[in-house]
1. Please label the shape of the stretch 21-84 as rounded, prolate or oblate, based on the square roots a ≥ b ≥ c of the eigenvalues of the alpha-carbon gyration tensor (a/c under 1.5 means rounded; beyond that, a/b larger than b/c means prolate, else oblate).
2. Note down the relative contact order for the chain as a percent, whole number, built from C-alpha pairs under 8 angstrom at least six residues apart.
3. Kindly identify the stretch 23-165 as rounded, prolate or oblate by the Cα gyration tensor criterion: order the square roots of the eigenvalues as a ≥ b ≥ c, call it rounded if a/c is under 1.5, otherwise compare a/b with b/c, prolate if a/b is larger, else oblate.
4. Taking the Cβ of residue 199 as the center, what net charge do the other residues with Cβ under 14 Å away carry, scoring Lys and Arg +1 and Asp and Glu -1?
5. Give the calculated FRET efficiency between residue 19 and residue 147 to the nearest 0.05, with a Förster radius of 41 Å applied to their Cβ-Cβ distance.
6. Can you tell me the relative contact order of the stretch 107-231? Whole percent, Cα pairs under 8 Å, sequence separation 6 or more.
7. Normalising by the residue count of the stretch 12-137, find the relative contact order in percent from Cα pairs under 8 Å and 6+ residues apart.
8. Treating only the Cβ atoms of Lys and Arg (+1) and Asp and Glu (-1) as charged, compute the dipole magnitude of the stretch 1-126 about its Cα centre; round to the nearest 20 debye.
Amino acid sequence: MSENLHKEHRDRVRKEFLANGFDIDTPPHKILEMLLFYAIPRKDTNELAHILIKEFGSLSGVLDATPAQLMKIKGMGESSVALIKLISPILRVYLAEKKKIKKFNNFDEIGEFVHARHFAYNKEVFCITSLNAAGNIIAFDKICEGDIAVVGVPLRDVLETVISRKASAVIISHNHPTGSAVPSTKDLEATKMVAKALSSIGVKLLDHIIAVPDDYVSLAQSKQFIHYLES
């Protein structure tokens, strides 16, 4: 494709997007092609977009791929990989801001608040939402990353965070990047351990939320699991 034709093609794609946007029926390679415009300024990105979709199975698969996996694809450089890996964190901040509230009115609001903040992580993260005596949200803190079943919950970090925030009650949360939101035996054991540790400093564990990409489980709303929150 000549330079002029290449520029005209990009201009058409850009103008079409600005006029009509993208939706669920837009071919994924077309979305990816335009995204790559801004990292690969002087090459045709259509073929590369097709290759990426074929390699990772879907647009979400491309966005979830690790930097190392993306760098293995011919035509992908540091700038294009960085641009692709920027999308999910931006969406996580966007969703978190949309769900930004000062006080929870019910457990559904807790679940939605926490689920938004665990969006699109491709590894487990363990977090704490701290509340004051009036039930207002003080902070949301990411405590650690890694498989809780393997590394366990860092109780010292949990207690230091809760004390530093002067919290009266907390909600703990973590995500399962793949699979079910149903808590594992290790998840339940960790919940009981945290509840006991928090109780020793006069802080109540209100809930443990386990998030997956499209769902979450609240132990506080489950008759089967609620007793794990008791110290």
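Values quoted throughout were computed directly from the atomic coordinates according to the rules given, and no laboratory measurement underlies them. This is a predicted model, so every value here is computed, not measured. All Cβ positions, even for glycine, are placed from backbone atoms using ideal geometry, and neighbour counts span all protein chains on display.
1. Details: a/c = 1.67, a/b = 1.19, b/c = 1.40.
Oblate, because a/c is 1.5 or more while a/b does not exceed b/c.
2. 13
3. Prolate, because a/c is 1.5 or more and a/b exceeds b/c.
4. +2
5. Efficiency, from the Cβ-Cβ distance: 0.35.
6. 27
7. 18 percent.
8. 380
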